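Mind looking over this structure? Questions follow.
The values are calculated or read from the model by the stated rules, or taken from the named source; none is laboratory data. Since the structure is predicted, the reported quantities are computational estimates derived from the model, not experimental observations. Cβ placement follows ideal geometry from the backbone for every residue including glycine, while neighbour counts extend to all protein chains displayed. Surface areas here come from the heavy atoms of the whole protein model, side chains and all, with no ligands, DNA or RNA. Shrake-Rupley method; radii C 1.70, N 1.55, O 1.52, S 1.80 Å.
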Amino acid sequence: MRTVLALRHLAFEDLGLLDPLLRAHGCQRIDYHEAGVDDTDRIDPAAVDLLVVLGGPIGAHDDARYPWLADEVRLVRERLASGRPLLGICLGAQLMARALGAAVAPMAHGHKEIGFAPLQLTEAGRTSPLAALQGQSVLHWHGDQFALPTGLPSLAATGPCPHQAFMPHPAALALQFHLEADPRRIEQWLVGHATELSQAGVDIPALRGDAARHGAGLAAALERVVGAWLERL
C-alpha cells in the first residue's frame with residue numbers, strides 16, 4: 001500500500017488515526033482531495049493504491065446544493081468497478097451505497113445517532129474484518145442511513161440503524177461509523193458540529209468523557225479491523 005488519496009469534505013474530519021496506521025503498513029504518500037475545491041476530473045481512480053472517501057455533514061443526495069457530489073459518486077462507481085481498494089467512512093459509505101443504486105435517507109423521525117456505542121455484528125459481520133469489533137464501542141455521528149445495495153449483507157447494526165457496514169467486494173469496505181476519529185482531537189468535532197449537537201440535545205461533557213474513556217480501545221480496534229483488512233489486500 002504505497003499511495004493513498006483521501007477525499008475530504010470537512011477540514012477536521014481527516015484520516016485521523018488512519019494516517020499513522022497507513023504509514024505503518026508501508027504507505028509512502030498520502031494526499032488529500034478537498035471536496036468542492038479540487039477538480040475531481042483530474043483524479044485517476046486507477047492511479048492510487050487506496051482511495052478513502054471521508055465523512056462530512058452533507059447528504060449523499062445533496063447534488064442540487066453541492067453539484068460536485070455527482071462527480072464524487074461517479075469516481076466512487078468507477079473505483080468500485082475496478083475492484084481496487086476503497087474505504088468509505090460515514091458519508092463515504094453512503095456515497096458507496098448510492099453508487100451501487102441503494103437509497104440514502106434520513107433516519108426515522110429525524111433521529112441522529114451521535115456518541116459512542118457498540119455494534120451488533122451480523123452473522124456475515126462475524127466472519128468479516130469487523131469481527132474484532134465485538135463488544136467495542138465506536139463513534140457514531142450521522143443523521144442519514146443507507147439501504148443495502150442489492151445482494152450485499154449487512155455486517156453490523158445498532159438499535160437506531162440496521163445497516164452499519166457492507167463490503168461490495170473484498171477490497172471495498174463501507175463503514176457508517178468512525179474508527180478513524182482521533183479522541184485526542186474530539187474538541188474539533190465538538191466545536192465544528194456545535195449547532196448540530198445543540199439541535200440534537202447531545203450532552204457535550206458526557207461525549208467528551210466517552211472519547212477519553214474509549215480512546216485507547218478505538219486505536220486498537222482500528223488496527224484490528226482496518227489494519228487486518230489492509231494486510232489482506
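What number of residues in the stretch 115-142 are open to solvent by 20 Å² or more (accessible area, probe 1.4 Å), assigned to a loop (DSSP other than H, G, I, E, B) and of a type in the set (G, A, S)?
Of the residues in that region, 2 qualify.
Which condition does G151 not pass, out of (1) crowded, with 18+ Cβ neighbours inside 10 Å; (2) under 18 Å from A97 (Cα atoms), if it passes all the others?
(1)
Restricting to the stretch 59-97, what's the tally of residues that are crowded, with 18+ Cβ neighbours inside 10 Å and either in contact with a His (Cβ under 7 Å, 6 or more places away or on another chain) or acidic (D, E) (or both)?
Here the count works out to 4.
For the stretch 14-29, how many residues are over 26 Å from A211 (Cα atoms) and either under 19 Å from the mean Cα position of the chain (by Cα) or surrounded by 14 or more Cβ atoms within 10 Å (Cβ to Cβ) (or both)?
Adding up the residues that qualify gives 1.
Working only within the stretch 98-114, note down all residues that are surrounded by 18 or more Cβ atoms within 10 Å (Cβ to Cβ) and free of Cβ contacts under 8 Å to residues at least 40 places away in the same chain.
The one that is surrounded by 18 or more Cβ atoms within 10 Å (Cβ to Cβ) and free of Cβ contacts under 8 Å to residues at least 40 places away in the same chain: A99.
Kindly check whether there is at least one residue in the stretch 43-52 that is within 26 Å of P162 (Cβ to Cβ) and surrounded by 14 or more Cβ atoms within 10 Å (Cβ to Cβ).
Looking through the stretch 43-52, at least one residue is within 26 Å of P162 (Cβ to Cβ) and surrounded by 14 or more Cβ atoms within 10 Å (Cβ to Cβ).
Looking only at the stretch 197-212, filter to residues that are touching a residue at least 24 places away in the same chain (Cβ under 8 Å) and under 11 Å from P183 (Cβ atoms); which one of those is surrounded by the most Cβ atoms within 10 Å (Cβ to Cβ)?
A211
Give the residues of the stretch 198-216 that are out of contact with any strand residue (DSSP E or B) (no Cβ under 7 Å at 6 or more places or on another chain) and of a type outside the set (D, E, K, R), sorted by residue number.
The answer is S198, Q199, G201, I204, P205, A206, G209, A211, A212, G215, A216.
Among the helices (runs of 4 or more DSSP H) confined wholly to the stretch 166-233, which include 3 or more residues that are more than 27 Å from P45 (Cβ to Cβ), of a type in the set (G, A, S) and more than 15 Å from the chain's Cα centre (by Cα)?
Here the list reads 194-200, 204-222.
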